[in-house]
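Down below is the structure, laid out as structure tokens.
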Amino acid sequence: MSLLSLTNVSAFYGASQALFKVNLHIDQGAVVALMGRNGMGKSTTIKVLCRMLPLAGGDIQFDGHDLRRVPSYKAARLGLGLVPEGRRCFANLTVEENLIAASRQGHWDLNQVAELFPRLRERHNQSAASLSGGEQQMLAIGRALMTNPRLLILDEATEGLAPIVRQEIWAAIAKLKRETGLSILVVDKSLRELATVADEAVVLQRGETVWHGPINALTSDITNRYIGV
Amino acid sequence: MKRETMINALLALGLLAVPLWALIADEPFYITLATRVAIFALAGVGLNIAIGLGGLVSFGHAAFFGLGGYAMGVLASHAQSYTPMMEWPFLIEGSNSMPVIWITAVIASGLAALVIGALSLRTAGVYFIMITLAFGQMLYYFTISWPAYGGEDGLSIYIRNGFPGLNTLDPIQFFAITFVILGLALVFSTLLAKSPFGLALNAARQSSERVETIGITPYRLRLTAFVISGMITGLAGALFADLNRFVSPTMFSWQTSGEIMVFIILGGTARLFGPVAGAALFIALEQVLGGLSDYWHIYLGLLLLCVVLFARGGIIGTLAGEEARHD
């Protein structure tokens, strides 16, 4: 069953066009990797999807709702759970307060998040500003989960983290997929890890979808040409 | 126990001890001073929800303080002259019952905060400060030019309003009322700050965009906080009017807004007991310095300058020796 579909989406930053023709489709329960080189429109696509950037053309359907005219807070309430690039936790709140501020009724609560990231339980009373990068990332994921989303969106969730911490994050994503069947859209640069969790891949080139299909069907030709690995 | 909690407990005990001592020493004047501290602190607790928790620097809280005051003045003046406030389409009589006056004050200031907030919260920063100030001044000039309720001269109420089971004319009993209300407001303020609503409000102060991505509208959060804040300050206004048995347009003036803000800054912005410490220091300085010179505000100004420059956490922040988590 289709959860999200972006059809021929275009968008501008001021006068310059950033997205031309993005097509992206996510089925219920699927993990989809959004790939491409830097500046090809991955984060912009997410901004448009989360209604933080106006849509210039095309269509966004999410869970039976037309997202084209929906403000960002409503998109979040409809079930888009964003883990933004650069984590962006609420630095003036503690770990627990960050989570409570975002909480909405559903499966995910403080205990569930602590089970996924035991380190957050240890640090529950600490201010978010005092956490390490990896812990902040866990908190950002936990905060998005507390909104009980239908689709979790991870924008560069492992960027700038130590290899061992990255592994922890990837393990958590794999666990989320395995145990909860949550639909996930993940933007990341490491193809190897993506291949372990994602079912499908969508490749962007200059604001356009140039390839999509099962992630294991990505040939080296495609990755060389569009992703640069 | 955390240092700040201890300081808060000492402040609460101090505020209770002064009037008890005054009662024993038969110095009713000091009971009245402590009552003023409690009422000013209550006004500050209201404003602290807007400024400390929501980051909404309102320079128009005198509007709510004044509305609370006039809720008392208007109701009590009709009760005192045995004239109904309104006869058509239905009869509304005045009242000299404190609970009725408090409820009226809270509703009136809440409604005003809803209107003022709905318009001013569309702006931010210095524009927000100016618009709230403008609304306060609008009400100030309105009361000045409203002869039915005394105009510039204000309204005198000859008898203090009543509270079931208490003799409100007895200073210590009236103090007890204000002290209990202040205590309840402080408990409410703590619960609010720790509730999901309060946490989201605090988060929105840091970044509006980020809270939207978790499905929260900052505007609605802030408006709710502004209304709650106005209601508490309005209640303080009603008590202040009852303390003086007098209301005048001064309650609406921008100086009043400034004074309520000074309580918070002196005591410590976003600190639970900041307004209590600030109001106590303000009243103490008024008594001590006011006895030395009519121009005691110069010294208050200097002190305020020092606090802003060297002790930004205010009294509580400096004594507790730790940064406010919600700064």
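The values are calculated or read from the model by the stated rules, or taken from the named source; none is laboratory data. These numbers come from a predicted model, not from an experiment. Don't worry about glycine lacking a Cβ; one is built from the backbone with ideal geometry, like all the others, and counts go over all protein chains shown. Surface areas here come from the heavy atoms of the whole protein model, side chains and all, with no ligands, DNA or RNA. Shrake-Rupley method; radii C 1.70, N 1.55, O 1.52, S 1.80 Å.
Descriptive notes on the structure:
- Coil-residue chymotrypsin sites (Phe, Trp or Tyr not before Pro) of segment B:40-123, DSSP, other Cβ within 10 Å capped at 10: B:TYR82, B:PHE90
- Note that segment B:113-123 has calculated 3J(HN,Hα) couplings of 5, 5, 5, 4, x, 4, 7, 6, 6, 6, 10 Hz, one per residue in order, obtained from phi through the Karplus relation 6.51 cos²θ - 1.76 cosθ + 1.60 (θ = phi - 60°); glycine and proline are x.
- For the protein assembly as shown, the square roots of the Cα gyration tensor eigenvalues, ordered a ≥ b ≥ c, give a/c of at least 1.5 with a/b greater than b/c, which places it in the prolate category.
- Amide H to amide H distances under 5 Å link A:SER2 with A:GLN28, where only residues 5 or more positions off or on other chains count and H is placed in the peptide plane.
- With K and R counted +1 and D and E -1, the other residues having a Cβ less than 12 Å from that of B:HIS78 yield a net charge of -2.
- Accessible area in the full protein assembly, largest first, 1.4 Å probe, for B:LEU199, B:LEU67: B:LEU67, B:LEU199
- Where only DSSP H runs of four or more residues are counted, chain A gives -9000 deg cm²/dmol as its mean residue ellipticity at 222 nm, each run worth -39500 (n - 2.57).
- Under 13 Å, Cβ to Cβ, from B:SER145 - net charge with Lys/Arg +1 and Asp/Glu -1: -2
- The convex hull drawn around the Cα atoms of segment A:1-135, when projected onto a plane and averaged over every direction, covers 9.5 nm².
- Remark on B:GLY162: its backbone amide H falls under 5 Å from those of B:SER97, B:MET98, a criterion applied only to residues 5 or more positions apart or on other chains, H modelled at 1.01 Å from N.
- Diagonalising the gyration tensor over the Cα atoms of chain A and scaling each eigenvalue by 5 before taking the square root yields semi-axes of 28, 20, 16 Å, largest first.
- Axial C-alpha extent at least 20 Å, average Kyte-Doolittle at least -1.0 - helices from chain A (DSSP): A:163-180
- Distant-in-sequence amide contacts of A:TRP211, defined by a placed amide H-H separation under 5 Å and a gap of 5 or more residues or a different chain, comprise A:VAL203.
- Most simply put, chain A has about 55% antiparallel DSSP beta bridges, counting only bridges with both residues inside it.
- Each chain gives up part of its surface: B and A jointly bury about 1900 Å² of accessible area, both sides summed, for a 1.4 Å probe.
- All C-alpha to C-alpha distances of segment B:3-320, sorted into 20 Å bins beginning at zero, yield P(r) values of 33, 59, 9, 0 percent in whole numbers.
- Only protein atoms count toward the accessible area here, which uses a 1.4 Å probe; on segment A:126-229, the carbon and sulfur part of that area reaches 50 percent.
- Mean ellipticity per residue at 222 nm, deg cm²/dmol - from DSSP H runs of n ≥ 4 across chain B, formula -39500 (n - 2.57): -23500 deg cm²/dmol
- Rounded percent of accessible protein surface that carbon and sulfur make up, chain B, 1.4 Å probe: 69 percent
- ³J(HN,Hα), Karplus 6.51/-1.76/1.60, whole Hz, each residue of segment B:173-190, x for Gly, Pro: 6, 5, 4, 4, 4, 5, 5, 5, 5, 4, x, 4, 5, 5, 4, 4, 4, 5
- Centre-to-centre separation between the Cα atoms of segment B:198-254 and those of segment B:87-129: 12 Å.
- Heavy atoms of B:MET72 accessible to a 1.4 Å probe, total area in Å² rounded to 10: 0 Å²
- With all protein chains kept in place, the per residue accessible area of the protein assembly as shown amounts to 44 square angstrom at a probe of 1.4 angstrom.
- With the whole protein complex present, A:ASP221 retains an accessible surface near 90 Å², based on a 1.4 Å probe.
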